[in-house]
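Have a look at the structure below before the remarks.
The values are calculated or read from the model by the stated rules, or taken from the named source; none is laboratory data. Because the structure is predicted, anything quoted here is derived from the model rather than measured. Glycine also receives a Cβ, built like all others from the backbone with ideal geometry; neighbour counts cover every protein chain displayed.
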Amino acid sequence: MTIHQLLSPSSPHLNATDSVAVAAQMLLSNRLSAIPVVDETGRYIGIFSMNRLLSLLLPKAVLIEGGVSDLSFMSDTLELLCERMQQHGAMPVGDVVEKNVRVLYPDTPLLETVLLLYRGENDIPVVDKVSGQLLGMVVGTDLLTRVCKKVPA
């Protein structure tokens, strides 16, 4: 059995030209942890995630490998975090997309997909091997909803 049956083709996606503000609203309003990003032809280019959004609020020194790991000496306010978000809000999401993210293909075995979900990859894009087109997403909660529906309570 492959993941083709689990595919959520109607799951939302972002265009690379959409703003970070639009991406943030889409994440929050759809209660997603990640949204796939496509180019103008519909080819998958990466993921915009809640973690990536949170990273935009942090000082760059924290994000550099070997950088600051403890920020207890700094103080911030909600207003300053809002200002940081506003600074990034108009930026195209394509500029901050995560590109090194695992993707699945329609013929990926179901059990392999369950293993990836178990290891913490909750929203995994499914891409056509040949064209690179985004076909949809496999979402952990969707899989569990289908499995648990078949189990009497």
Item to check | Looking only at region 96-131, and only at residues there that are within 22 Å of residue 30 (Cα to Cα) and among the acidic types (Asp, Glu), the one that is surrounded by the most Cβ atoms within 10 Å (Cβ to Cβ) | outcome: 123
Next on the checklist: out of contact with any Asp or Glu (no Cβ under 6 Å at 6 or more places or on another chain) and either aromatic (Phe, Trp, Tyr) or in contact (Cβ under 8 Å) with a residue 60 or more places away in the chain (or both): which single residue out of 128, 70, 142 fits that description?
Outcome noted: 142
Item to check | Of all residues in region 133-143 being of a type in the set (A, V, I, L, M) and under 13 Å from residue 5 (Cα atoms), the one that is surrounded by the fewest Cβ atoms within 10 Å (Cβ to Cβ) | outcome: 143
Next on the checklist: Which pairs turn up if I take residues in region 78-106 that are of a type in the set (Phe, Trp, Tyr) and look for partners that are modelled with pLDDT under 95 and in a helix (DSSP H, G or I) with beta carbon separation below 9 Å, at least 6 apart in sequence or on another chain?
Outcome noted: 105/3
Checklist outcome for this item: Looking across region 15-69 at residues that are exposed (fewer than 15 other Cβ atoms within 10 Å of the Cβ), at pLDDT 90 or above and hydroxyl-bearing (Ser, Thr, Tyr), the single one that is farthest from the chain's Cα centre (by Cα) is 41
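One line per residue, one yes/no per condition, for (1) more than 21 Å from residue 129 (Cα to Cα); (2) without any contact (Cβ under 8 Å) to a residue 60 or more places away in the chain:
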site: 3; (1), (2): no, no
site: 14; (1), (2): no, no
site: 27; (1), (2): yes, yes
site: 33; (1), (2): yes, no
site: 50; (1), (2): yes, yes
